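**Student:** First the structure, then my questions, so here it is.
Quick note: the coordinates plus some simple rules give every number you see, no bench work behind them. Because the structure is a prediction, the values reported are computed rather than measured. Here Cβ is always computed from backbone atoms with ideal geometry, including for glycine, and neighbour counts include all displayed protein chains.
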Amino acid sequence: MGKQIKIPELTTAISAVITRLYKNKGEQALLELNNSYYTEIGKSLGLERYTSTDHNVTCSKLFAICDFLEISLSEFFKLVEEENQILKYKEERKGKLVKQAYKNQK
């Protein structure tokens, strides 16, 4: 498997939304939720990792994070698009972010 591409605009927006949702829950509530989630699921989410733009979150991990934060994927991505309007589809921008990500990968 080749190196994953990274679209900075997307990674930054996802990290910002995760951080905001994380902070809105409050630390004590999160600790309790994380402990019960860990007990139920048997896995730690490592949410702190995804509040940084260093990580490229997978779809499965994002689903687990949304499940933990009690938000649907569709609502999550609406927040991501609100965070960075350039991520909303517009025909005149079609493919530009993806092409740039592949170009930056080289």
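**Student:** Grab the Cα-Cα distance for residue 52 and residue 6, subtract it from 0.36 nm times how many residues apart they are, and report the gain in nm with one decimal.
**Tutor:** Gain on stretching residue 52 to residue 6: 15.2 nm.
**Student:** Continuing with the same structure: Counting Lys +1, Arg +1, Asp -1, Glu -1, what net charge surrounds residue 87 among other residues with beta carbon under 11 Å of its beta carbon?
**Tutor:** Local charge sum for residue 87: 0.
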